[in-house]
Amino acid sequence: REHGEDHQEVAVALLSLAKEQREAGARDAQKDSLEKAWRILDRAGETKDKPLLVETLTELADVLRALGDSAAANVALQRLGSVRQAPSPLEPVSPGSASHVSLVSPSPIADKLTALGLSPSELFGPGVASSPGLSQGSPALSPPPAQRTTTTAGAPVSTTAGSPDEKKEKEEPEAPPQKLQRLVGKSPFLRPKDLPGLFNQIDADGDGVLGAEDLRSFLGDYLGYGLAEIAGYHKAHKGDGPGVTLEAMKANMEELDAYCIRDRMHRLIVRKPGAFGGLQGVDAHVEDCVGCTVLICDRTAEFFADGLVNCRVLVGPCSSSTFVRNCDGCTFWVATKQFRTRECTNCTFYLHCHTEPIIELSSDISLAPYAAEYPGLAAQFEAAKFDPERNFWSAIYDFTGR
């Protein structure tokens with residue numbers, strides 16, 4: 001069937017099988033299933049099946065990297081780049097001062113995320129557009145156009161040009177719904193004392209459940225969470241009903257934590273600029289995640305990454321220290337005053353660091369200067385008193401003496 005009209009169905013079945021094999025830890029079998037799906041979709045042509053092909057190549061590159069086949073992973077990523085019409089990832093160049101450390105050329109995070117099939121609108125919301133004030137490809141926030149639907153007894157009604165109804169609409173336009181202003185101060189999910197009261201605050205329409213629009217307004221507009229995370233939370237915990245109940249929210253409060261992202265698999269998680277309420281002393285944690293993309297686009301005091309596997313993590317200006325420990329196969333974009341990594345393998349760091357980066361008990365580490373951009377980053381650098389021209393990313397200090 002893979003050569004006939006049902007090739008897409010076969011590829012979907014193989015992708016589903018590969019996910020089961022990944023969860024079972026059968027990496028070699030997962031690789032074989034993904035390679036078969038790639039061949040089927042490639043043979044059929046990329047235009048019709050582009051989303052499937054992007055998903056297949058992304059998963060394949062991850063598993064090949066996990067298996068230590070960097071050459072094959074690069075081939076998959078290069079093919080992925082051509083499918084998405086994005087630049088291919090850069091190869092490491094001259095070795096660094098330590099035998100297990102290499103220095104790489106700058107590769108902007110936008111290129112990496114585009115190659116993974118992530119657009120600015122997916123990261124920052126539907127109102128994202130290009131702005132002349134930012135470099136090409138960087139996202140800028142703008143309000144989405146208001147949309148209006150006229151209904152009678154629950155059914156849409158169309159009006160003819162020049163009719164009284166149409167004239168009345170033009171004279172009395174309906175005001176668009178007001179968005180919640182961004183949070184100022186600590187997150188309401190930080191040790192809340194009145195969960196029913198917090199639930200009622202989120203439940204804007206008062207129907208007793210947290211629907212998709214309730215969550216988008218509170219978590220997205222007010223708290224600065226990403227749309228993908230909000231949609232995933234709603235889908236995972238609404239059960240058979242239209243929304244999340246108070247009991248379901250109580251049972252899954254850890255997933256709503258603003259400052260600690262823990263135990264996630266293959267998720268896209270965003271904290272938008274201003275998500276930390278303008279606080280100066282926020283410590284952020286990302287722990288025990290697999291295959292995730294985590295974008296912390298706000299200032300922190302300290303940042304901790306522990307036990308990550310095959311993740312991509314961006315961290316905005318960190319005014320004190322960043323600690324990365326026990327991570328494997330990950331890529332980080334980090335702007336920090338002090339940087340330290342311990343017991344990490346096969347990781348790449350794009351660094352802005354005001355002191356010598358410290359490496360301890362780590363291997364196959366690559367370093368390059370910070371190459372990330374998002375709305376408000378320049379202002380965050382200035383607020384953190386970071387000098388863009390002062391960057392010690394390549395002045396590596398290896399505690400192990402290798």
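The values are calculated or read from the model by the stated rules, or taken from the named source; none is laboratory data. Predicted, not measured: the structure shown is a model, and the values here were computed from it. Cβ atoms come from the backbone with ideal geometry, glycine included; neighbour counts cover every protein chain shown. Surface areas here come from the heavy atoms of the whole protein model, side chains and all, with no ligands, DNA or RNA. Shrake-Rupley method; radii C 1.70, N 1.55, O 1.52, S 1.80 Å.
Here are a few things to note about the model shown:
- Any hit, the stretch 313-322, residues being in contact with a helix residue (DSSP H, G or I) (Cβ under 7 Å, 6 or more places away or on another chain), modelled with pLDDT of 95 or more and closer than 30 Å to residue 25 by Cα: yes
- Residue satisfying condition, being assigned to a strand (DSSP E or B), modelled with pLDDT under 70 and at negative phi, within set 88, 107, 82, 102: 102
- Among the residues of the stretch 16-41, those that are farther than 14 Å from residue 67 by Cβ and either buried (at least 21 other Cβ atoms within 10 Å of the Cβ) or hydrophobic (A, V, I, L, M, F, W, C) (or both) comprise 17, 24, 37, 38, 40, 41.
- Among (1) out of contact with any Cys (no Cβ under 8 Å at 6 or more places or on another chain); (2) buried (at least 17 other Cβ atoms within 10 Å of the Cβ) - the single one residue 273 does not satisfy: (1)
Every residue, every condition in (1) crowded, with 16+ Cβ neighbours inside 10 Å; (2) not in a helix (DSSP H, G or I), yes or no:
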| residue | (1), (2) |
| --- | --- |
| 199 | yes, no |
| 207 | no, yes |
| 221 | yes, no |
| 229 | yes, no |
| 235 | no, no |
| 249 | yes, no |
| 254 | no, no |
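- Flag if residue 288 is closer than 19 Å to residue 227 by Cβ and either open to solvent by less than 50 Å² (accessible area, probe 1.4 Å) or at pLDDT 95 or above (or both): no
- Filter result (touching an Asp or Glu at 6+ places or on another chain (Cβ under 9 Å) and under 17 Å from residue 320 (Cα atoms)) within the stretch 360-402: 380, 381, 392
- Test result for residue 324, within 20 Å of the chain's Cα centre (by Cα), under 16 Å from residue 363 (Cβ atoms), part of a strand (DSSP E or B) and among the β-branched types (Val, Ile, Thr): yes
A quick yes/no check of all residues on (1) at pLDDT 95 or above; (2) in contact with a Cys (Cβ under 9 Å, 6 or more places away or on another chain); (3) more than 16 Å from residue 258 (Cβ to Cβ):
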| position | (1), (2), (3) |
| --- | --- |
| 180 | no, no, no |
| 191 | no, no, no |
| 205 | no, no, yes |
| 209 | yes, no, yes |
| 215 | yes, no, no |
| 222 | no, no, no |
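- Cβ-Cβ contacts under 6 Å between residues 6 or more apart (or on different chains), taken from a first residue in the stretch 358-386 that is over 21 Å from residue 400 (Cα atoms) and touching a residue at least 60 places away in the same chain (Cβ under 8 Å) to a second residue that is among the aromatic types (Phe, Trp, Tyr) and open to solvent by 20 Å² or more (accessible area, probe 1.4 Å), are listed as 369/393.
- Selection count, the stretch 375-388, where residues are open to solvent by 60 Å² or more (accessible area, probe 1.4 Å) and either over 10 Å from residue 354 (Cα atoms) or of a type outside the set (D, E, K, R) (or both): 5
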